[in-house]
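Right, one structure below, let's go through it.
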Amino acid sequence: MPRTTRVTVAAALAALLIAGVGACSGGDSDDAPDSKAKPQSSAAAEPTAEPSADMSAAEKAAGIPPEPDAATRAQLLRALAAANPDIVKYEDKAVDAARNQCSAINGGSQKLDWTASQRFTYKDVTSTEAQGKQINEALTQLHFCEV
């Protein structure tokens, strides 16, 4: 992935983080009258409406596909389990790792098999480079990484 894309994605994520912290820093609603509580809640609601669109654009720019629907998720988990049955013990971690691995695949990264082995090693699960190769093949064959 080009450096400018990484910097843009990092800046977008930093802006989202700052917006989230600002939205969470309101005072106690018990001490404030209702008229003051309403502007704070609407101000807090506004930043959450845009980050999802910004995040989707940032993820797409980074080569990360959207969250899979139920059928695609089940198909993905079956394919990942064929490469390494342990990685699907934590289904959400496996799906997140697959989406993130797509950024490496779509970005033409070097050492894809090693990257996959690292990305799919978490908690008490370890993946090898050979399993990483199988994971990359599965993601490619499923067309999961298309954005």
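Taking the stretch 68-78 as the range and being in contact with an Asp or Glu (Cβ under 9 Å, 6 or more places away or on another chain) and either open to solvent by 40 Å² or more (accessible area, probe 1.4 Å) or in contact (Cβ under 8 Å) with a residue 40 or more places away in the chain (or both) as the test, only ARG73 passes. Looking for whichever is open to solvent by 60 Å² or more (accessible area, probe 1.4 Å), more than 18 Å from ALA62 (Cα to Cα) and at pLDDT below 95 here; the options are LYS123, LYS133. Which one fits? From the options LYS123, LYS133, the qualifying one is LYS123.
The values are calculated or read from the model by the stated rules, or taken from the named source; none is laboratory data. Everything numeric in this text was worked out from a predicted model, so none of it was measured. Quick reminder, even Gly has a Cβ in these numbers, built from the backbone with ideal geometry, and neighbours come from all protein chains shown. Protein only, heavy atoms only, side chains kept; ligands, DNA and RNA dropped before computing areas. Shrake-Rupley method; radii C 1.70, N 1.55, O 1.52, S 1.80 Å.
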